[in-house]
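One structure below.
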Amino acid sequence: MRILLFALIASTLAFGQSLDELNGKYGAAVSETFTVRTGIGVRVRNGPNGRIAEMLIFPMHADSLIQSRSMTFSHEIAKNVLDELLPASRRGKFVIGGFVDAFCMPEDDCAGSSEDYENISIFYNSSAKPGQLCYVDVRFKK
């Protein structure tokens, strides 16, 4: 039993890489993921100036990186998370809202709605389930 445990630990140490090793080998990460609520994550992508350029709010499993279109969350939860991450004062003046009825191959999964503000644009990707979203994409303009 001790040999099996030793072999398991040794293989983990031999094959696993730390974040420092990955940073040293490939450079700084282009995005990071944070848990903002139980089951809800936000992935942020930095722009060339080092500031956040994009945020993706999505349902997530704590034990897997795989995203599935069957995982959804309510529009109300999305609004609450958005209000926490980007209060109205940081969004700037509301410019226009609209609907997106696009056909994307292979699953026809690009429909949703959008809100355009002075400082950001928000896209709500609708699920086939009424009132549910697959993700929310926020892009910073400045």
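The values are calculated or read from the model by the stated rules, or taken from the named source; none is laboratory data. On a predicted model such as this, the values are computed, not experimentally measured, just so you know. When we count neighbours, we look across all protein chains shown, and the Cβ atoms used for this are built from the backbone with ideal geometry, even at glycine.
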Note on the range 112-127: residues over 14 Å from residue 79 (Cα atoms), at pLDDT below 95 and either out of contact with any Phe, Trp or Tyr (no Cβ under 8 Å at 6 or more places or on another chain) or surrounded by fewer than 13 Cβ atoms within 10 Å (Cβ to Cβ) (or both) are 127
Inset, instruction - Determine if the range 9-25 includes at least one residue that is modelled with pLDDT under 90, surrounded by fewer than 10 Cβ atoms within 10 Å (Cβ to Cβ), within 21 Å of the chain's Cα centre (by Cα) and hydrophobic (A, V, I, L, M, F, W, C). - result: yes
